[in-house]
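The values are calculated or read from the model by the stated rules, or taken from the named source; none is laboratory data. As the structure is a computational prediction, the values presented were derived from the model and not from experiment. Don't worry about glycine lacking a Cβ; one is built from the backbone with ideal geometry, like all the others, and counts go over all protein chains shown. Just so you know, the surface numbers come from the protein's heavy atoms only, side chains and all, with ligands and any DNA or RNA stripped out. Shrake-Rupley method; radii C 1.70, N 1.55, O 1.52, S 1.80 Å.
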Amino acid sequence: MAPSQDSFAPRREAPLFGRLAIIGIGLIGSSIAHAAKALNLAGRVVLYDREPEVRQRARELGLGHEIADSAAAAVADADHIILCVPVGACGPVAAEIASALKPGAILSDVGSVKKSVVEAVTPHLPEGVQFVPAHPVAGTENSGPDAGFPSLFLNRWCILTPAEGADPAAIAATRQFWEGMGAIVEIMTASHHDLVLAVTSHLPHLIAYNIVGTAEDLAAVTQSEVIKFSAGGFRDFTRIAASDPTMWRDVFLHNKDAVLEMLGRFSEDLAVLTRAIRFGDGDTLHKHFTRTRAIRRGIVALGQEKPETEKLRKD
Ligand SMILES: NC(=O)c1ccc[n+]([C@@H]2O[C@H](COP(=O)([O-])OP(=O)(O)OC[C@H]3O[C@@H](n4cnc5c(N)ncnc54)[C@H](O)[C@@H]3O)[C@@H](O)[C@H]2O)c1
Ligand SMILES: O=C(O)C(=O)C[C@]1(C(=O)O)C=C[C@@H](O)C=C1
């Protein structure tokens, strides 16, 4: 059974926004739709996706209050608009909806990369529309309109990266919206966001994509036993490596500099471990593994580990 509405965040008595428009009905767009409707964060939740079969599925699932047939129709008269499309599509979608945005509206997004999204969206912003970029650091390896669930953002970070001088009221409303879905909001610059996420999210995905590909390439040598014996660490990598190819292609193309910087550091550190193994330097290995174990325990102590959310999802 899905968690009851009140079990993950309190329902608002009065909606925060009159009309919320969500462009892109995948994992994140459908999760926001579930939560915003259940928690009364918006009086009317309108969704649009460029794929007709996704719109059809969203209707069958009863997502939001209405599925629009064009992006312009979805955003017309909307107070808050969230782009939930792959990062490479944010600029083109902003161009598509620009003339339909009403003055005073707050435009936002959920992209996993922030600097390139800001650069792509800002030139299309009409006078009187505020852009408050957001990135909920919450997700799964699943995509599409069936993948969403309302408690996805509960106790997870949501990073806002407003430009210097952005309207404080628009930032405050965006913060309230994400806090309303149970997220913990932090504000930083887009560049800093991209550097931090390169190491905490983008690099781990690249490593997972790489190791699963390598194992597959070695199938002949291992007699395909990678699949049979993949109960432990490798299985965790396969979950991550099952993440959406379009989304992750865009992440790496749009956070190139930060990912390459972190990949360089990663390769240097890997060389140190490689040397320790080659020369039987157990002390170096033991010290390193002790340090990383402490990091994991710190994350668990901070409550940033996922099982809580996963559990809610399965209930
Ligand atoms: N998946 C995650 O774990 C996760 C977590 C946080 C943020 N994000 C970010 O959220 C965004 C969406 O990711 P998702 O996982 O929901 O992806 P998804 O693949 O589940 O959904 C994306 C949807 O966008 C639609 N779309 C693509 N281009 C479009 C366009 N031009 N106009 C209208 N619709 C369009 C697609 O048809 C698809 O239905 C991405 O920018 C991603 O970086 C993802
Ligand atoms: O848990 C997962 O499946 C995720 O990959 C989620 C994850 C992450 O790296 O933490 C992936 C990309 C998003 O931008 C935010 C969250």
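Working note: Karplus 6.51/-1.76/1.60 with θ = phi - 60° gives segment 137-153 the couplings 8, 7, x, 9, 7, 8, 9, x, x, 7, 7, x, 8, x, 8, 3, 8 Hz, where Gly and Pro are set to x. Within segment 5-188, what percent of beta bridges assigned by DSSP are antiparallel, to the nearest 5? So the antiparallel bridges in segment 5-188 amount to around 10 percent. A Förster radius of 30 Å, combined with the Cβ-Cβ distance separating Ile187 from Ala242, puts the computed FRET efficiency at roughly 0.40. Working from Cα pairs under 8 Å separated by at least six residues, relative contact order for the chain is 17 percent. The packing ranking of peptides 164-171, 58-65, 104-111, highest mean first, is 104-111, 58-65, 164-171, where packing means the average number of other beta carbon atoms within 10 angstrom of each residue.
Ranked by the mean number of other Cβ atoms within 10 Å per residue, highest first, peptides 12-24, 72-84, 249-261 order as 72-84, 12-24, 249-261. With θ taken as phi - 60° and the Karplus curve 6.51 cos²θ - 1.76 cosθ + 1.60 applied, the whole-hertz 3J(HN,Hα) list for segment 297-302 is 5, x, 5, 5, 5, 6 Hz, x standing for glycine and proline. Near Thr174, once Lys and Arg are set to +1 and Asp and Glu to -1 for all other residues with Cβ below 13 Å from its Cβ, the sum equals -4. Beta bridges assigned by DSSP with both partners in the chain are antiparallel in approximately 10 percent of cases.
FRET efficiency for the Glu13 to Asp77 pair, using the beta carbon distance and R₀ = 30 Å, is estimated at 0.85. Label-to-label distance for Asn40 and Glu179 is 1.9 nm, based on points extended 7 Å past Cα in the beta-carbon direction. In this structure the amide hydrogen of Phe17, modeled in the peptide plane, comes within under 5 Å of the amide hydrogens of Ala42, Gly43, none closer than 5 places in sequence on its chain.
Highest GNM mean-square fluctuation among Ala172, Ala100, Ala190, for the chain modelled with Cα contacts below 10 Å: Ala172. For the chain, adding -39500 (n - 2.57) for each run of n ≥ 4 DSSP H residues and dividing by the number of residues yields -15000 deg cm²/dmol at 222 nm. What number comes out for the charge environment of Arg19, summing +1 per Lys or Arg and -1 per Asp or Glu over other residues with Cβ under 14 Å away? My count for the surroundings of Arg19 gives 0. With a Cα cut-off of under 29 Å and a minimum spacing of 8 residues unless on different chains, the lysine pairs in the chain number 17. A simple packing score, the average count of other Cβ atoms within 10 Å per residue, orders the peptides 86-93, 241-248, 212-219 as 86-93, 241-248, 212-219, with the highest score first.
Its Cα centre serving as origin, the chain has a Cβ charge dipole (Lys and Arg +1, Asp and Glu -1) of approximately 760 debye.
Volume per residue for the chain equals 150 cubic angstrom (convex hull of Cα atoms). Site pair Ala301 and Thr122 shows an inter-label distance of 4.0 nm when each label is modelled 7 Å from Cα along Cα→Cβ. For segment 192-280, taking the reciprocal of the average inverse distance between every pair of different Cα atoms yields a Kirkwood hydrodynamic radius of 14.6 Å.
Summing Cβ point charges (Lys, Arg +1; Asp, Glu -1) relative to the Cα centre of segment 192-280 gives a dipole of roughly 260 debye. Magnitude of the charge dipole for segment 5-188, about its Cα centre and with charges confined to Cβ atoms of Lys, Arg (+1) and Asp, Glu (-1), is about 220 debye.
Of the residues Leu197, Leu263, the one with the largest accessible area comes first in the ranking Leu263, Leu197, computed with a 1.4 Å probe on protein heavy atoms.
Compare Lys102, Lys115 by solvent-accessible area with a 1.4 Å probe and give them largest first, with all protein chains kept in place.
Putting Lys102, Lys115 in descending order of accessible area: Lys115, Lys102.
Per-residue Karplus couplings for segment 198-215, computed as 6.51 cos²θ - 1.76 cosθ + 1.60 with θ equal to phi - 60°, are listed in order as 4, 8, 7, 10, 6, 4, x, 5, 5, 5, 5, 4, 6, 5, 5, x, 4, 4 Hz, Gly and Pro entered as x.
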